[in-house]
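Peer 1: Attaching a single structure in structure tokens format; questions to follow.
The values are calculated or read from the model by the stated rules, or taken from the named source; none is laboratory data. No experiment lies behind these values; they were computed from the predicted model shown. Quick note on the areas: whole protein, heavy atoms, side chains included, nothing else; ligands and nucleic acids left out. Shrake-Rupley method; radii C 1.70, N 1.55, O 1.52, S 1.80 Å.
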Amino acid sequence: MGWTLLRSLHNKLLCFRESQLNICESCENQKRESRRGSPHKDLHLQSEKPIRGSMFGGWEEFTYYCKVCGATVHHTNDKNEIPPFWTVFTKEE
């Protein structure tokens, strides 16, 4: 299988998993933001990871915590990344 096909299947699985989560409306809307989108007002920054690797300056990965629903939201602004740029997870019970 090609890398693009594997990445596409991975993203579809993430989208299916996310559709099964109990998250707030703000986090639901956040998943649709572009790579340059800003986090919603209830997201608290937990970590920031600058990554070098692109010949045009690299990218960054962020992890946020939602104060309303308790979800963990991961964000990347990598221009080579295939959407979604915002991925939402909840705690496994």
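Peer 1: I'm trying to understand the selection: among the residues of segment 18-31, which are open to solvent by 80 Å² or more (accessible area, probe 1.4 Å) and modelled with pLDDT under 85?
Peer 2: GLN20, ASN22
Peer 1: Among the residues of segment 63-84, what is the count of those that are modelled with pLDDT of 75 or more and open to solvent by 30 Å² or more (accessible area, probe 1.4 Å)?
Peer 2: Qualifying residue count for the region: 7.
Peer 1: A further question follows. Scanning segment 32-52 for residues that are among the polar types (S, T, N, Q) and modelled with pLDDT of 85 or more, which turns out least open to solvent (accessible area, probe 1.4 Å)? It would help to see each step written out before you state the result.
Peer 2: Of segment 32-52, the ones among the polar types (S, T, N, Q) are 34, 38, 46-47.
So of that shortlist, the ones also modelled with pLDDT of 85 or more come out as 38, 46-47.
Working: SER38: 85, GLN46: 110, SER47: 53 Å².
The residue in question is SER47.
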